[in-house]
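Structure provided below as C-alpha coordinates; questions to follow.
The values are calculated or read from the model by the stated rules, or taken from the named source; none is laboratory data. Bear in mind the structure is a predicted one, so any value in this text is a computation, not a measurement. Cβ: placed from backbone, ideal geometry, glycine included. Neighbour counts: every protein chain shown.
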(Lines give C-alpha, C1' and ligand atoms only; values in the text may rest on other atoms or scores of the structure.)
Protein backbone atom coordinates (compact mmCIF):
# COMPACT_ATOMS: atom_id res chain seq x y z
CA UNK A 1 0.00 0.00 0.00
CA UNK A 2 1.49 3.32 -1.12
CA UNK A 3 0.91 6.48 0.87
CA UNK A 4 0.75 9.58 -1.33
CA UNK A 5 0.53 13.18 -0.13
CA UNK A 6 -1.40 15.58 -2.36
CA UNK A 7 -1.00 19.21 -1.23
CA UNK A 8 -3.70 21.46 -2.65
CA UNK A 9 -4.58 25.13 -2.55
CA UNK A 10 -7.71 24.36 -4.61
CA UNK A 11 -6.11 25.89 -7.71
CA UNK A 12 -6.41 24.31 -11.17
CA UNK A 13 -2.74 23.36 -11.00
CA UNK A 14 -3.08 21.39 -7.77
CA UNK A 15 -6.30 19.72 -8.96
CA UNK A 16 -4.56 18.73 -12.19
CA UNK A 17 -1.77 17.11 -10.15
CA UNK A 18 -4.37 15.14 -8.18
CA UNK A 19 -5.92 13.86 -11.40
CA UNK A 20 -2.46 12.94 -12.70
CA UNK A 21 -1.85 10.95 -9.51
CA UNK A 22 -5.08 9.01 -10.04
CA UNK A 23 -3.89 7.94 -13.48
CA UNK A 24 -0.32 7.23 -12.46
CA UNK A 25 -1.36 4.93 -9.60
CA UNK A 26 -4.58 3.58 -11.05
CA UNK A 27 -3.41 -0.03 -10.68
CA UNK A 28 -1.80 0.35 -7.25
CA UNK A 29 -3.44 0.23 -3.81
CA UNK A 30 -2.91 3.69 -2.32
CA UNK A 31 -3.80 5.85 0.62
CA UNK A 32 -4.06 9.43 -0.61
CA UNK A 33 -3.82 12.28 1.90
CA UNK A 34 -5.17 15.56 0.56
CA UNK A 35 -3.55 18.39 2.52
CA UNK A 36 -4.54 22.03 2.64
CA UNK A 37 -2.31 24.33 4.69
CA UNK A 38 -3.56 27.60 6.13
CA UNK A 39 -1.04 30.21 7.21
CA UNK A 40 -1.51 32.64 10.07
CA UNK A 41 -1.50 35.43 7.54
CA UNK A 42 -4.71 33.98 6.10
CA UNK A 43 -6.70 35.52 8.96
CA UNK A 44 -8.15 38.51 7.20
CA UNK A 45 -11.12 40.77 7.76
CA UNK A 46 -13.39 38.70 5.51
CA UNK A 47 -12.86 35.69 7.77
CA UNK A 48 -13.79 37.74 10.80
CA UNK A 49 -16.95 38.98 9.10
CA UNK A 50 -18.09 35.48 8.05
CA UNK A 51 -17.38 33.74 11.36
CA UNK A 52 -20.45 32.84 13.43
CA UNK A 53 -20.65 34.03 17.02
CA UNK A 54 -20.53 30.44 18.27
CA UNK A 55 -17.38 29.63 16.34
CA UNK A 56 -13.83 30.80 16.48
CA UNK A 57 -12.23 32.20 13.35
CA UNK A 58 -9.94 29.17 13.28
CA UNK A 59 -12.83 26.72 13.33
CA UNK A 60 -14.59 28.59 10.56
CA UNK A 61 -11.56 28.57 8.25
CA UNK A 62 -10.73 24.92 8.93
CA UNK A 63 -14.34 23.82 8.46
CA UNK A 64 -14.58 25.64 5.12
CA UNK A 65 -11.32 24.08 3.90
CA UNK A 66 -12.41 20.59 4.99
CA UNK A 67 -15.67 20.92 3.10
CA UNK A 68 -13.71 21.85 -0.01
CA UNK A 69 -11.41 18.83 0.44
CA UNK A 70 -14.35 16.48 0.95
CA UNK A 71 -15.92 17.88 -2.20
CA UNK A 72 -12.74 17.14 -4.17
CA UNK A 73 -12.62 13.59 -2.77
CA UNK A 74 -16.27 13.04 -3.69
CA UNK A 75 -15.63 14.12 -7.28
CA UNK A 76 -12.52 11.92 -7.53
CA UNK A 77 -14.43 8.87 -6.30
CA UNK A 78 -17.25 9.51 -8.75
CA UNK A 79 -14.87 10.07 -11.67
CA UNK A 80 -12.47 7.16 -11.14
CA UNK A 81 -14.45 4.67 -9.01
CA UNK A 82 -11.23 2.94 -7.98
CA UNK A 83 -11.63 0.50 -5.10
CA UNK A 84 -7.85 0.41 -4.67
CA UNK A 85 -7.77 4.05 -3.55
CA UNK A 86 -8.56 5.41 -0.11
CA UNK A 87 -8.68 9.12 0.73
CA UNK A 88 -8.18 11.27 3.82
CA UNK A 89 -8.59 15.03 4.17
CA UNK A 90 -6.19 17.09 6.30
CA UNK A 91 -6.33 20.80 7.07
CA UNK A 92 -3.31 22.21 8.88
CA UNK A 93 -2.64 25.65 10.32
CA UNK A 94 1.13 26.00 10.01
CA UNK A 95 4.11 26.99 7.89
CA UNK A 96 3.78 25.17 4.55
CA UNK A 97 7.08 23.27 4.65
CA UNK A 98 6.76 22.41 8.34
CA UNK A 99 3.29 21.05 7.68
CA UNK A 100 4.50 18.97 4.72
CA UNK A 101 7.30 17.43 6.80
CA UNK A 102 5.14 16.78 9.86
CA UNK A 103 2.32 15.18 7.90
CA UNK A 104 4.81 13.13 5.88
CA UNK A 105 6.38 11.76 9.06
CA UNK A 106 3.08 11.11 10.82
CA UNK A 107 1.53 9.15 7.96
CA UNK A 108 4.72 7.58 6.57
CA UNK A 109 4.33 9.28 3.20
CA UNK A 110 6.14 7.59 0.31
CA UNK A 111 5.74 10.32 -2.31
CA UNK A 112 4.48 13.91 -2.61
CA UNK A 113 2.71 14.84 -5.83
CA UNK A 114 2.06 18.53 -6.39
CA UNK A 115 1.29 20.89 -9.23
CA UNK A 116 3.28 23.86 -10.43
CA UNK A 117 2.08 27.39 -10.96
CA UNK A 118 2.51 29.74 -13.87
CA UNK A 119 3.61 28.79 -17.36
CA UNK A 120 4.32 25.15 -17.97
CA UNK A 121 7.82 23.83 -18.45
CA UNK A 122 10.71 22.47 -16.45
CA UNK A 123 11.82 25.98 -15.44
CA UNK A 124 8.56 26.54 -13.63
CA UNK A 125 8.68 23.09 -12.11
CA UNK A 126 12.07 23.85 -10.64
CA UNK A 127 11.49 27.41 -9.60
CA UNK A 128 7.84 27.51 -8.58
CA UNK A 129 8.10 28.70 -4.98
CA UNK A 130 6.20 26.00 -3.08
CA UNK A 131 7.50 23.18 -5.23
CA UNK A 132 11.08 24.40 -4.99
CA UNK A 133 10.83 24.71 -1.20
CA UNK A 134 9.39 21.22 -0.78
CA UNK A 135 12.10 19.75 -2.99
CA UNK A 136 14.95 21.57 -1.27
CA UNK A 137 13.74 21.47 2.33
CA UNK A 138 11.47 18.44 2.41
CA UNK A 139 12.34 14.89 3.44
CA UNK A 140 10.20 13.00 0.95
CA UNK A 141 10.51 12.38 -2.82
CA UNK A 142 8.53 14.89 -4.88
CA UNK A 143 6.81 14.45 -8.21
CA UNK A 144 6.06 17.89 -9.69
CA UNK A 145 3.35 18.08 -12.35
CA UNK A 146 3.31 20.96 -14.90
CA UNK A 147 -0.07 22.61 -15.00
CA UNK A 148 -1.10 21.37 -18.47
CA UNK A 149 0.27 17.84 -18.09
CA UNK A 150 -2.33 15.07 -18.32
CA UNK A 151 -1.58 11.43 -17.61
CA UNK A 152 -1.78 9.25 -20.68
CA UNK A 153 1.02 6.72 -20.58
CA UNK A 154 4.55 6.30 -19.27
CA UNK A 155 6.51 4.39 -21.90
CA UNK A 156 9.84 6.15 -21.34
CA UNK A 157 11.39 7.68 -18.23
CA UNK A 158 14.79 9.39 -18.09
CA UNK A 159 17.01 9.45 -15.03
CA UNK A 160 19.48 12.30 -15.43
CA UNK A 161 22.82 12.28 -13.65
CA UNK A 162 26.44 13.32 -13.82
CA UNK A 163 27.40 10.09 -12.00
CA UNK A 164 29.43 12.10 -9.49
CA UNK A 165 28.60 9.55 -6.78
CA UNK A 166 27.22 6.08 -6.28
CA UNK A 167 23.51 5.45 -5.88
CA UNK A 168 21.70 3.01 -3.64
CA UNK A 169 18.62 0.90 -4.33
CA UNK A 170 16.78 2.50 -1.41
CA UNK A 171 17.06 6.09 -2.62
CA UNK A 172 15.88 5.22 -6.13
CA UNK A 173 12.93 3.10 -4.95
CA UNK A 174 10.35 5.75 -5.98
CA UNK A 175 11.67 5.58 -9.54
CA UNK A 176 11.73 1.78 -9.53
CA UNK A 177 8.16 1.60 -8.25
CA UNK A 178 6.83 3.90 -10.96
CA UNK A 179 8.70 2.02 -13.67
CA UNK A 180 7.31 -1.33 -12.50
CA UNK A 181 3.73 -0.05 -12.42
CA UNK A 182 3.81 0.91 -16.10
CA UNK A 183 6.52 -1.39 -17.49
CA UNK A 184 8.36 1.76 -18.51
CA UNK A 185 11.69 1.86 -20.30
CA UNK A 186 14.42 3.56 -18.29
CA UNK A 187 16.90 5.85 -20.03
CA UNK A 188 19.91 6.60 -17.85
CA UNK A 189 21.16 9.89 -19.18
CA UNK A 190 24.75 10.63 -18.24
CA UNK A 191 25.65 14.28 -18.73
CA UNK A 192 29.37 15.04 -19.04
CA UNK A 193 30.23 18.61 -18.09
CA UNK A 194 33.34 19.76 -16.26
CA UNK A 195 34.32 16.48 -14.63
CA UNK A 196 34.78 12.91 -15.68
CA UNK A 197 33.80 10.52 -12.89
CA UNK A 198 35.05 7.43 -14.70
CA UNK A 199 35.14 5.14 -11.67
CA UNK A 200 31.67 6.21 -10.49
CA UNK A 201 30.37 5.83 -14.04
CA UNK A 202 31.53 2.25 -14.28
CA UNK A 203 30.14 1.30 -10.88
CA UNK A 204 26.81 2.99 -11.53
CA UNK A 205 26.39 1.23 -14.86
CA UNK A 206 26.70 -2.05 -12.96
CA UNK A 207 24.24 -0.77 -10.36
CA UNK A 208 21.55 0.12 -12.91
CA UNK A 209 22.03 -3.14 -14.81
CA UNK A 210 21.59 -5.06 -11.56
CA UNK A 211 18.59 -3.19 -10.16
CA UNK A 212 16.66 -2.12 -13.27
CA UNK A 213 15.40 -4.19 -16.18
CA UNK A 214 17.14 -3.45 -19.48
CA UNK A 215 18.17 0.18 -18.87
CA UNK A 216 19.27 2.23 -21.87
CA UNK A 217 22.43 4.28 -21.34
CA UNK A 218 22.82 7.58 -23.13
CA UNK A 219 25.77 9.97 -22.88
CA UNK A 220 25.75 13.71 -23.50
CA UNK A 221 29.04 15.60 -23.56
CA UNK A 222 28.06 19.26 -23.35
CA UNK A 223 29.29 22.61 -22.15
CA UNK A 224 27.81 23.85 -18.90
CA UNK A 225 25.94 26.66 -20.63
CA UNK A 226 24.28 24.24 -23.05
CA UNK A 227 23.27 21.48 -20.66
CA UNK A 228 19.63 22.54 -20.34
CA UNK A 229 19.15 23.01 -24.07
CA UNK A 230 20.68 19.60 -24.70
CA UNK A 231 18.50 18.00 -22.04
CA UNK A 232 15.42 19.57 -23.59
CA UNK A 233 16.34 18.29 -27.03
CA UNK A 234 16.87 14.77 -25.75
CA UNK A 235 13.53 14.70 -23.93
CA UNK A 236 11.52 15.97 -26.88
CA UNK A 237 13.27 13.91 -29.56
CA UNK A 238 12.94 10.69 -27.55
CA UNK A 239 9.34 11.30 -26.33
CA UNK A 240 10.36 11.00 -22.69
CA UNK A 241 7.28 11.03 -20.42
CA UNK A 242 8.97 11.75 -17.08
CA UNK A 243 12.36 13.00 -15.95
CA UNK A 244 13.95 11.97 -12.65
CA UNK A 245 16.93 13.08 -10.58
CA UNK A 246 18.40 12.38 -7.15
CA UNK A 247 19.08 15.33 -4.88
CA UNK A 248 22.62 15.28 -3.58
CA UNK A 249 25.77 17.31 -3.08
CA UNK A 250 27.72 17.92 -6.30
CA UNK A 251 25.08 16.06 -8.28
CA UNK A 252 23.59 17.10 -11.59
CA UNK A 253 20.54 18.13 -9.57
CA UNK A 254 22.61 20.65 -7.59
CA UNK A 255 24.11 22.03 -10.79
CA UNK A 256 20.61 22.46 -12.21
CA UNK A 257 19.21 24.21 -9.16
CA UNK A 258 22.13 26.52 -8.51
CA UNK A 259 22.54 27.86 -12.03
CA UNK A 260 21.54 31.48 -12.49
CA UNK A 261 21.41 31.12 -16.26
CA UNK A 262 18.75 28.42 -16.09
CA UNK A 263 16.13 30.86 -14.84
CA UNK A 264 16.33 32.71 -18.14
CA UNK A 265 15.92 29.63 -20.35
CA UNK A 266 12.45 28.67 -21.56
CA UNK A 267 12.60 24.90 -22.02
CA UNK A 268 8.89 24.18 -22.39
CA UNK A 269 9.32 20.66 -21.06
CA UNK A 270 5.78 19.72 -20.15
CA UNK A 271 6.48 16.44 -18.37
CA UNK A 272 6.54 15.47 -14.68
CA UNK A 273 9.75 15.92 -12.75
CA UNK A 274 10.65 13.40 -10.03
CA UNK A 275 13.21 14.42 -7.39
CA UNK A 276 14.40 11.78 -4.95
CA UNK A 277 16.26 12.39 -1.73
CA UNK A 278 19.81 11.08 -1.55
CA UNK A 279 20.98 9.06 1.44
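Looking at this structure, is residue 42 modelled with pLDDT under 80 and within 22 Å of residue 116 (Cβ to Cβ)?
Answer is yes for this residue.
Would you please list the contacts, defined by Cβ atoms under 6 Å and residues six or more apart or on different chains, that run from a residue in segment 214-231 that is under 16 Å from residue 159 (Cα atoms) to a residue that is assigned to a helix (DSSP H, G or I) and at pLDDT below 65?
228/262
Return yes or no: is residue 122 at pLDDT 85 or above and surrounded by 22 or more Cβ atoms within 10 Å (Cβ to Cβ)?
no
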